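Values in this text are rule-based calculations from the coordinates and carry no lab data. Keep in mind the model is a prediction, meaning the values are calculated, not measured. When we count neighbours, we look across all protein chains shown, and the Cβ atoms used for this are built from the backbone with ideal geometry, even at glycine.
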């Protein structure tokens, strides 16, 4: 697997973003039976200010978000709840999946608010971003349910609890 990682916020370095990303990407690619030797992903570890700039530029939303993704290819299914097409190798034999950006500040805040570890929440966001690169989305209801189910299954393979279950005892 080719993982091109750019860390603009050193807190991601301290958090072990590169190791987390390699682990998550390997599990996601195995889930879809994609050969990791030919898949390419770029990951930017940044702060809220940088992701807010990207969010304005690409989505027209003037605020930070937790994760953004830019698929190399449109793979989404036409029908709500349909399974996206799997990516295919280009003329070089590689499968470029696309780019992901993840914001430290928002990730850390959300993890704390949910009573989860930064590492587990970051892994979830990387899974989420990768699923977007693979054509999954959460705009339509059945697409959202499908994406959520796959996230939960993949996270479970990494020993991470279902992030969508809200613990009533968590402050």
(request) Would you kindly state how much longer the chain becomes between residue 33 and residue 149 on full extension, computed as 0.36 nm times their sequence separation minus their alpha carbon distance, in nm to one decimal? (result) 40.0 nm
(request) Express in nm, to one decimal, how much length is gained between residue 19 and residue 89 on full extension, taking 0.36 nm for each residue of separation and deducting their alpha carbon distance. (result) 22.7 nm
(request) Please report the relative contact order for the chain, taking Cα pairs under 8 Å with a sequence separation of at least 6, and give it as a percent rounded to a whole number. (result) 24
(message) Using a 7 Å offset from Cα along Cα-Cβ at residue 5, what residues in the range 19-54 end up with backbone N under 12 Å from the label point?
(response) 19-26, 42-46
(request) Calculate the length of the line joining the C-alpha centroid of the range 92-171 to that of the range 52-81, in whole Å. (result) 14
(request) Multiply the residue separation of residue 117 and residue 59 by 0.36 nm, subtract the distance between their alpha-carbon atoms, and state the gained length in nm to one decimal. (result) 18.0 nm
(message) Just want the ordering: 53, 74, from fewest to most Cβ atoms lying within 10 Å of their own Cβ.
(response) 74, 53
(message) For the range 2-157, compute Rg over Rh where Rg is the Cα radius of gyration and Rh is the Kirkwood radius from the inverse mean 1/r over Cα pairs.
(response) 0.95
(message) Nearest 500 deg cm²/dmol is fine: what mean residue ellipticity at 222 nm does the chain get from its DSSP H runs of n ≥ 4 alone, each adding -39,500 (n - 2.57), divided by its residue count?
(response) -14000 deg cm²/dmol
